[in-house]
Each structure stands twice: as structure tokens, then as C-alpha cells.
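All remarks here apply to the structure that follows.
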Amino acid sequence: MSINYTERIPNNVDLGSNRILQRALEHWQPEFLNWWKELGPRDFQVADVYLRTATSVDAKGWATYGFVRMPDYRWGIFLAERDPNRKIGFGDSFGQDVWQQIPGEYRAILRRLIVTQGDTEPASVEQQRMLGHTAPSLYDLRNLFQVNVEEGRHLWAMVYLLHAYFGRDGREEAEELLERHSGDADKPRILGTFNEPIRDWLSFFMFTYFTDRDGKFQLKSLAESSFDPLARTCSFMLTEEAHHMFVGDTGINRVIKRTLEVMKELNTEDPGAIRQAGAIDLPTIQRYLNFWFSSSLDLFGSEQSSNAASYFANGLKGRPDETQYEDHVALGTAYELGIPDGSGGVKTEQIPMRNAMNEVTRGSYVRDCDLGVKRWNRLIEKAGYDFRLALPSTRFRRNIGAWGGVPTDPQGSPISQEEFDTRKAGWLPSESDQTYIFSLMHGVHEQGKMAAWIAPPDRGINNNPVDYEYVRLS
Ligand SMILES: [Fe+2]
Ligand SMILES: [Fe+2]
């Protein structure tokens with residue numbers, strides 16, 4: 001069904017035919033707008049921003065571009081096309097028809113999964129709300145705002161499901177999604193990572209590369225769900241999410257490119273000299289990478305999880321790209337896990353495959369993360385330098401799971417807490433790293449200009465030139 005933009009809430013779910021639902025969502029809409037104005041991007045609400053808006057949900061041509069003031073963005077409810085023959089793709093009910101309504105016994109669990117996903121969407125908008133002031137260019141400013149409005153739309157996506165399928169409980173959860181706030185002492189966001197403010201653009205690029213990619217894998221797992229409306233919602237969200245990771249990937253790429261230019265110009269690899277010239281030395285980039293990668297790993301949960309096993313058994317949450325596996329039931333098979341042996345070493349344990357689903361998903365995520373690292377390294381190699389970026393071990397700096405609180409080096413070898421503390425400044429952003437990065441953060445809001453710590457992108461948005469006036473500040 002095509003998207004109807006004539007209604008107050010744009011949608012492709014024939015909202016007009018369900019008056020009660022429509023009215024409930026129209027009641028939530030002004031609360032969302034209040035939240036956006038209060039906790040969305042600070043001080044840029046009247047700027048005209050070159051944004052894309054979804055116009056259809058098929059793979060081709062789903063976006064139109066134009067100048068919009070962010071509070072006028074047409075947030076709405078868009079689900080991927082329904083496949084009337086879709087069957088359950090994994091678990092105990094493999095091969096049966098998918099559900100259009102929620103079986104009573106899974107109501108509470110599905111509500112929890114949807115709320116947890118939904119909570120991250122507005123959280124990231126809140127985390128990034130001050131970044132507009134320090135954007136390195138109008139191009140970047142526009143990308144930030146595109147990410148922000150789409151995270152707002154992802155909140156709409158989850159709120160639609162809550163309203164449409166969970167009755168009064170769902171409506172209450174939808175209210176609470178606007179009441180919890182990132183970093184709030186009394187009502188924080190649900191997941192730890194989403195309570196840390198993002199104060200600088202290196203962190204923003206790391207966040208969109210690593211943390212939005214966690215979102216990608218969560219959405220991929222939910223896109224496999226037997227609850228068809230959830231699967232279709234998440235499928236369409238994934239197409240929007242791709243841009244967020246593009247922002248992170250190309251952002252880090254451009255930072256490295258600029259660093260390499262400075263290294264060449266000055267004929268040095270000395271971090272001090274590179275900083276003197278206003279660029280970001282590669283070891284600092286590695287430390288930020290270590291921080292954001294390890295913090296995003298925790299979002300997948302414990303390696304061994306009976307919840308994950310029951311989500312899989314009951315068909316609620318599958319593995320990303322479930323069709324690539326041969327065995328969709330995963331009973332009677334085992335997963336080999338390296339865990340701390342309690343005396344400074346590592347032991348191997350066999351656990352039932354279904355209990356290892358978080359770790360399976362994390363593994364797919366890690367391989368996906370590594371693709372970017374390889375691309376960035378090619379850039380460094382081509383410039384003739386030996387330095388290589390690397391993902392740290394999945395054991396490094398974990399707070400959740402078997403390796404939670406177990407100190408290791410970035411290669412994943414267990415070490416003493418003392419050793420970790422003495423060497424940590426070489427592995428994670430130190431206070432002086434952060435001070436230096438902050439010192440670079442000055443907004444460049446003039447058309448055609450770019451901050452000195454980052455190279456311009458290879459191309460602009462939607463065939464426009466890089467120096468296009470992507471945000472009209474007035
Ligand atoms: Fe999102
Ligand atoms: Fe995102």
C-alpha cells in the first residue's frame with residue numbers, strides 16, 4: 001500500500017479505517033512534537049534542512065528530498081509490504097503461518113522487546129542534541145539532522161505497534177517512551193550506552209558506525225519475527241538505518257584521510273606533531289574505536305542466555321539473515337564458547353546453540369564492523385604507512401556477560417586489574433585525548449567550508465555538490 005500523506009499522520013497502514021487507533025495516535029502526536037522541540041536538536045528548529053522523506057516502501061525510489069524545518073518533518077508509520085505467504089522461519093513452529101495478531105502468551109515478552117528497541121531511538125536524538133553547534137560543515141550538519149529525524153520516525157514505528165497491538169498497556173508504554181530521557185538521574189533510558197551524551201563528532205561518527213550497527217543487527221533479528229507487523233516494521237527501518245551507518249563509515253574515513261594528508265605534508269607519524277597541525281592522530285582514532293566498539297558489544301547481552309533461547313524457540317526473535325543458516329530449529333547442536341576460567345586463564349565450554357543466540361548475533365555484528373576497518377586500513381596502506389586499525393577482542397572492556405568486569409588487553413588475554421589500570425590510557429580515550437578532541441569542535445556553518453580535522457566527502461547528497469547549502473540557517 002502506498003504512503004498516504006494527506007492524513008495528519010502519514011502512513012501506509014490504512015490508519016483512516018481504524019478511528020480509535022487513529023485518534024489515540026493523534027493524541028500522542030503533539031506529545032511527540034513537544035518532546036522533539038524540548039529535547040531534539042538544540043537551536044536549529046527554524047533552519048531549513050535538506051532532508052529526505054520516505055515516499056514509498058519498496059527498494060527503489062523510496063525517498064524524496066527537499067528543504068524542511070525539522071518540526072515540520074512528516075513523521076509517520078511505514079511498514080514494508082506484506083507477503084501473504086510468509087511462514088515462520090525458525091524455532092519450534094518453523095514453517096507455520098506467521099502471526100498477524102499476538103498470541104496471548106507472548107504479549108508481555110514482545111512488548112518488552114518493542115519497548116527496549118523503541119527506547120533507543122529517541123535516546124540517540126537526546127544524546128546528539130548539542131552536536132549541531134560543532135558540525136564540521138553544512139553537509140555534516142544535514143546528515144546529523146537526517147539521522148535525528150529518522151530516529152524520531154523509528155520511535156513512531158515502535159509506538160504504532162504498541163498502540164495497535166497492546167491496548168492500554170501499549171499506550172502507557174508509548175507515553176513512557178517520552179518520559180524517560182537520556183542521562184536522566186530519575187528516569188534514564190533503558191540501556192546504558194544510550195545514557196552517555198555524545199559531545200564531539202569523532203564520537204558521533206563512532207556511534208553511528210558501531211552503535212547504529214548494533215541497531216541494524218537488532219532490527220535484523222526482529223525482522224525475522226513471527227509477529228508479522230513487527231517484522232515488516234523493522235524491515236523498513238533497516239533501509240533508513242543504512243544511511244546512519246554510512247554517516248559513521250564515511251565520517252571515520254574522512255577523518256583518517258585528513259590525518260594522512262597531514263602526515264604526508266609534515267612527513268611525520270608523531271601524534272604530537274599531527275595534533276599541532278589540527279588533525280587527529282591514528283592512535284587516538286584507535287582508542288575511540290576501542291571505546292565505542294566495546295560499549296556496543298554489551299548491547300547484545302550475555303553469551304549464554306535462556307531468554308535468547310526462548311525468543312528463538314518461540315519464534316519471537318531470530319538470527320540476522322536467518323535464511324543463510326541450514327538448520328532453522330537449532331536443537332541438539334552446540335556452540336563453543338571461551339570463558340574466563342576464574343584463575344586468569346580461558347576455558348572452553350559447549351553450550352546449547354539456542355542459548356548462544358546472542359553470541360551468534362554478536363559474531364555477525366563483529367564481522368560486519370570489520371569490513372569498515374579493512375577499508376580504512378587500505379587507505380592507510382595506500383598512503384604508505386604501517387599503522388593498522390583493529391577491532392579489539394570481544395572480551396575487552398566488557399560490562400555484561402562472561403567477560404563483564406574481567407580485565408583483558410585489547411587482544412583478549414586476561415590481565416590483572418592493576419595492569420589494566422596502568423595501560424588503559426594507551427587503549428581508551430584519556431582525559432587529554434578528550435580535551436584535544438573537544439578543542440577541535442568549532443562549528444563550521446559557512447557554505448563551502450570544512451573543518452580542518454576532516455576531509456570533504458567524495459560526493460554530496462542526492463547528486464548535489466559537496467558545497468551545496470544543505471542547511472539554510474536564518
Ligand atoms: Fe533507529
Ligand atoms: Fe540509527
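Yes or no, residue by residue, for (1) touching a residue at least 40 places away in the same chain (Cβ under 8 Å); (2) in contact with an Asp or Glu (Cβ under 6 Å, 6 or more places away or on another chain); (3) among the acidic types (Asp, Glu):
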{"position": "Phe166", "(1), (2), (3)": "yes, no, no"}
{"position": "Asp169", "(1), (2), (3)": "yes, no, yes"}
{"position": "Phe205", "(1), (2), (3)": "yes, no, no"}
{"position": "Leu219", "(1), (2), (3)": "yes, no, no"}
{"position": "Phe236", "(1), (2), (3)": "yes, no, no"}
{"position": "Glu240", "(1), (2), (3)": "yes, yes, yes"}
{"position": "Val247", "(1), (2), (3)": "yes, no, no"}
{"position": "Ile252", "(1), (2), (3)": "yes, no, no"}
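May I ask you to list the residues in the stretch 370-392 that are surrounded by fewer than 20 Cβ atoms within 10 Å (Cβ to Cβ) and either touching a strand residue (DSSP E or B) at 6+ places or on another chain (Cβ under 9 Å) or part of a helix (DSSP H, G or I) (or both)?
Within the stretch 370-392, Asp370, Leu371, Val373, Lys374, Arg375, Asn377, Arg378, Leu379, Ile380, Glu381, Lys382 qualify.
Any residue in the stretch 154-165 that is more than 13 Å from ligand 1 (Cβ to nearest atom) and part of a loop (DSSP other than H, G, I, E, B)?
no
Tell me which residues, restricted to the stretch 4-20, are part of a helix (DSSP H, G or I) and buried (at least 16 other Cβ atoms within 10 Å of the Cβ). Please lay out each step first, then the result.
Residues of the stretch 4-20 part of a helix (DSSP H, G or I): 15-17, 19-20.
Answer for the stretch 4-20, where residues must be part of a helix (DSSP H, G or I) and buried (at least 16 other Cβ atoms within 10 Å of the Cβ): just Leu15.
Which pairs turn up if I take residues in the stretch 140-154 that are within 18 Å of Leu33 (Cβ to Cβ) and look for partners that are within 12 Å of ligand 2 (Cβ to nearest atom) and outside any helix (DSSP H, G or I) with beta carbon separation below 7 Å, at least 6 apart in sequence or on another chain?
Correct list of pairs: Asn148/Gln128.
I need a count of the residues in the stretch 127-142 that are buried (at least 24 other Cβ atoms within 10 Å of the Cβ) and within 16 Å of ligand 1 (Cβ to nearest atom).
Within the stretch 127-142, residues that are buried (at least 24 other Cβ atoms within 10 Å of the Cβ) and within 16 Å of ligand 1 (Cβ to nearest atom) number 2.
Determine whether the stretch 218-237 contains at least one residue that is surrounded by fewer than 22 Cβ atoms within 10 Å (Cβ to Cβ), of a type in the set (Phe, Trp, Tyr) and at negative phi.
no
Here's the yes/no breakdown for (1) part of a loop (DSSP other than H, G, I, E, B); (2) in contact with a Phe, Trp or Tyr (Cβ under 9 Å, 6 or more places away or on another chain):
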| site | (1), (2) |
| --- | --- |
| Ser2 | yes, no |
| Gln22 | no, no |
| Glu38 | no, no |
| Phe44 | yes, yes |
| Tyr50 | no, yes |
| Asp83 | yes, no |
| Ala108 | no, no |
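Here, each number is a calculation from the coordinates, and none is a lab measurement. Owing to the predicted nature of the structure, the values given are computational and were not obtained by experimental measurement. Positions of Cβ are generated from backbone atoms using ideal geometry, with glycine treated the same way; all protein chains shown enter the neighbour counts.
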